[in-house]
Amino acid sequence: MEAGHTLQLSVTGTSLLQPVRLMTDAVLQSQQLRARFHALECLACVNGRGRFPSHRRIEPSGRRLRVVLQALDGWLANAPYREIAVALFGEARVDADWTDPRDHLRDQVRRAVRRGRQLMRGGYRKFLL
């Protein structure tokens, strides 16, 4: 398996000491379909090639959370907000947009740091429910 990636399966009704046939329900609720098919695709790739598919997608919420956590890391390291912005969005974008009078980029960084601090103060618990 690749470092940092896991695939967790819940198998019931049989022992895994011998090869088994894994099956899934054919009729699923619509909100389960994408996740179930993605898990099956990952399992097939790991089984066939020994690694995850190269086109793994990151959910939009995962992308946002990554930005929030990177911003929080910068803030905890006492990095200036501009430096945090460079780490998040790249030097070219920061050079172009940091002094924009509408403060869009600065506001994005401020919101990301604020959200990270909220998570750090216990907001992460909502992910556990």
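Where a number appears in this text, it was derived from the coordinates with a stated rule and is not lab data. All values reported here derive from a predicted model rather than from experimental measurement. All Cβ positions, even for glycine, are placed from backbone atoms using ideal geometry, and neighbour counts span all protein chains on display.
Overview of values
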| read-out | value |
| --- | --- |
| For region 59-103: rounded, prolate or oblate by the Cα gyration tensor [a/c cutoff 1.5] | oblate |
| Gained length - Arg102 relative to Asn78, 0.36 nm times residue gap less alpha-carbon distance | 6.2 nm |
| Label zone at Arg117 (point 7 Å along Cα-to-Cβ), backbone N below 11 Å, region 60-103 | 75-76 |
| Selection of chymotrypsin sites (Phe, Trp or Tyr not before Pro), region 35-129, meeting DSSP coil and at most 11 other Cβ within 10 Å | none |
